[in-house]
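Have a look at the structure below, then the notes.
The values are calculated or read from the model by the stated rules, or taken from the named source; none is laboratory data. Source: prediction; values computed, not measured. Methodologically, a virtual Cβ is constructed for each residue, glycine included, from the backbone with ideal geometry; neighbour enumeration extends over all protein chains shown.
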Amino acid sequence: MRSISILGATGSVGASTLDLVRRNSADWRVEALTANCNVAELAALARVFGARLAVVADESCLPALREALSGSGIEAAGGASALCEAAARGADVTVAAIVGCAGLGPTMASIEQGGVVALANKEALVSAGAVMTAAVARHGATLLPVDSEHNAIFQCLHGEDPGDVRWITLTASGGPLRTWSAEQIAVATPAQAIAHPNWDMGAKISVDSATMMNKGLEVIEAHHLFPVGLDRIRIVVHPQSVIHSLVEYRDGSTLAQLGPSDMRVPIASCLAWPRRMETALQPLDLTAIGTLSFFAPDEERFPATRLAREAAQAGGAAPAVLNAANEVAVAAFLAGQIAFTDICALVAQTLSGTLPSAPGTLDDVLAVDREARARAAEALEHV
């Protein structure tokens, strides 16, 4: 039996992971579960799965969590330091699924234990790519990508020489606004932006899909995970979301990973690695799908991918600034404070001007993140 900790247990990735654990309960012991402040759900999950520890990131929710777990024997804790302590408990597999830069500290704490980290937090590599990958090498950790596209690339690269790679192609659904005109996009509402046609995701990542920023962030993430050179990583829009990514080799062969639009597939790949496990999902029926289509990304209507690539090329603090500004902008959009098209405009404005020095440590990354958020918040006042 292997042990597992899930950082972000009440989110969509956490729910999918726990579904797999439930279906394979004889193989897993749950060490720790964390959430932001969803006390009722976290406590219920901790009881059902027999977790040894439950942690809320918001320390003000800790009294309620202790009450909810009273008599269960499950340890309760709260606050940022408690999250890092949960991540450092040395589970055989730690699923890092806390959204945004809030997941940086716990992810690093898990990496420092030298175990297997299934990474679902793309911001960890976007904002702190060099710092994180150096820590992985230093501590002998194994970093497995949960993101469907990067997991697909990981599978297609298995046993291959990265020097033989001609192209890594990230596929993008195009999101719910893919066919909209620029005029329609300008007045898109939060409800329309989060209505993803293929994937069931949280609000923030759904908006990132609608702006195509998620794909821009994934280019930066792929750049750190698969060191083939930024100029060999490209994006293609594939509305059916059946092919999750492709790798083309110098002999002309292209390997692709296909599967249903369900996060349990890449999560299962990470949990069972280097083997396979049952997911209880229906087999892919290509005859029912019928047609697979592909389009070049439109960076006039969706400039986020261009902004992300420029940030990746600039390096240093630029990717962390990009990510922080995007988080501020998406939150403002979801709150009805700015228009959909203001998201990328705000990110571009935050990236303009002099940027902080390149971060060398996690504390440096967090300092860049704070400064970028302050700059983005100030820019918000003038939108």
Quiz item: Say we look at the stretch 231-255 and pick out the residues that are among the polar types (S, T, N, Q) and assigned to a strand (DSSP E or B); which of these is farthest from residue 213 (Cα to Cα)?
Solution: 254
Exercise. Out of the residues in the stretch 321-346 that are among the β-branched types (Val, Ile, Thr) and over 15 Å from residue 209 (Cβ atoms), state the one that is surrounded by the most Cβ atoms within 10 Å (Cβ to Cβ).
Key: 321
Quiz item: Among the residues of the stretch 249-264, is there at least one that is within 24 Å of residue 11 (Cα to Cα), surrounded by 15 or more Cβ atoms within 10 Å (Cβ to Cβ) and among the acidic types (Asp, Glu)?
Solution: yes
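Could you grab me the full set of residues in the stretch 372-383 that are over 22 Å from the mean Cα position of the chain (by Cα) and touching a residue at least 24 places away in the same chain (Cβ under 8 Å)? Even if it seems obvious, please write down each step before you answer.
Taking the stretch 372-383 as the starting set, the residues that turn out to be over 22 Å from the mean Cα position of the chain (by Cα) are 374-375, 377-383.
Listed by number, the residues that qualify are 375, 377, 379, 380, 383.
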Self-check item: Filtered residues of the stretch 143-168 (kept if touching an Asp or Glu at 6+ places or on another chain (Cβ under 7 Å) and farther than 28 Å from residue 93 by Cβ)
Solution: 166, 167
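Within the stretch 296-338, restricting attention to residues that are of a type in the set (S, T, N, Q) and more than 17 Å from the chain's Cα centre (by Cα), which residue is nearest to residue 124 (Cα to Cα)? Talk me through it step by step, then tell me what you get.
Residues of the stretch 296-338 that are of a type in the set (S, T, N, Q), as a first pass: 305, 313, 323, 326, 337.
Still in the running and more than 17 Å from the chain's Cα centre (by Cα): 313, 337.
Values: 313: 18, 337: 27 Å.
Restricting to residues being of a type in the set (S, T, N, Q) and more than 17 Å from the chain's Cα centre (by Cα), the top hit is 313.
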Quiz item: For the stretch 275-292, what are the residues that are in contact (Cβ under 8 Å) with a residue 40 or more places away in the chain and either assigned to a loop (DSSP other than H, G, I, E, B) or surrounded by 20 or more Cβ atoms within 10 Å (Cβ to Cβ) (or both)?
Solution: 277, 278, 279, 280, 284, 291, 292
Practice problem: Scan the stretch 1-57 residue by residue and report those that are aromatic (Phe, Trp, Tyr) and under 17 Å from residue 103 (Cβ atoms). | Solution: none
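If I ask for residues that are over 23 Å from residue 266 (Cα atoms) and not small (Gly, Ala, Ser), which ones from the stretch 292-304 would you list?
Taking the stretch 292-304 and keeping what is over 23 Å from residue 266 (Cα atoms), we get 295-304.
Passing the criteria: 295, 297, 298, 299, 300, 301, 302, 303.
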Self-check item: Residue in the stretch 162-184 that is in contact (Cβ under 8 Å) with a residue 24 or more places away in the chain, in the same structural domain as residue 235 (by TED's automatic domain parsing) and of a type in the set (Asp, Glu) present
Solution: yes
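Take the conditions among the hydroxyl-bearing types (Ser, Thr, Tyr), buried (at least 22 other Cβ atoms within 10 Å of the Cβ) and within 14 Å of residue 82 (Cβ to Cβ) and apply them to residue 5. Does it pass? Steps first, please.
Values: among the hydroxyl-bearing types (Ser, Thr, Tyr): yes; buried (at least 22 other Cβ atoms within 10 Å of the Cβ): yes; within 14 Å of residue 82 (Cβ to Cβ): yes.
Answer is yes for this residue.
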Quiz item: Is it the case that some residue within the stretch 256-273 is touching a residue at least 24 places away in the same chain (Cβ under 8 Å), assigned to a loop (DSSP other than H, G, I, E, B), touching a Ser or Thr at 6+ places or on another chain (Cβ under 7 Å) and within 24 Å of residue 330 (Cβ to Cβ)?
Solution: yes
Quiz item: Going by the conditions given, is residue 81 among the hydroxyl-bearing types (Ser, Thr, Tyr), under 16 Å from residue 32 (Cβ atoms) and more than 17 Å from the chain's Cα centre (by Cα)?
Solution: yes
